[in-house]
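These notes are about the structure you will find just below.
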Amino acid sequence: MTFTVTSDKADDKADPSRAENYLRPADAYRRARECEQSGLAVTIRLPTGDDVTPEEFRELYLLKDAD
């Protein structure tokens, strides 16, 4: 199972997206939050292929203590 964190600049469509794979949900969430704090638009792709926001991911994987 891998979780893919995809980030891109919200205001710059010409800049390519970055995608990073993580095996642990907590690591994927931590990276997504770092990207958000840097001003990037972020989604996390689940192993099922669905894309979710970091907040939805946090709720799905019960990562209450990750912040």
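Extending 7 Å from Cα along the Cβ direction at Arg24 and again at Ser38 yields two label points whose distance is 2.0 nm.
Rounded to a whole number, what is D in µm²/s for region 18-67 from Stokes-Einstein with the Kirkwood radius over alpha-carbon pairs (10 °C, 1.306 mPa s)? Walk me through the intermediate numbers first.
Values: Rh = 10.9 Å.
For the chosen part, D equals 145 µm²/s.
Ranked by solvent-accessible area (1.4 Å probe, protein heavy atoms only, all chains present), the residues Asp51, Asp8 order from largest to smallest as Asp51, Asp8.
The values are calculated or read from the model by the stated rules, or taken from the named source; none is laboratory data. Computed from a predicted model, the values in this text were never measured in an experiment. Here Cβ is always computed from backbone atoms with ideal geometry, including for glycine, and neighbour counts include all displayed protein chains. The area values use the complete protein model at the heavy-atom level, side chains included, leaving out ligands, DNA and RNA. Shrake-Rupley method; radii C 1.70, N 1.55, O 1.52, S 1.80 Å.
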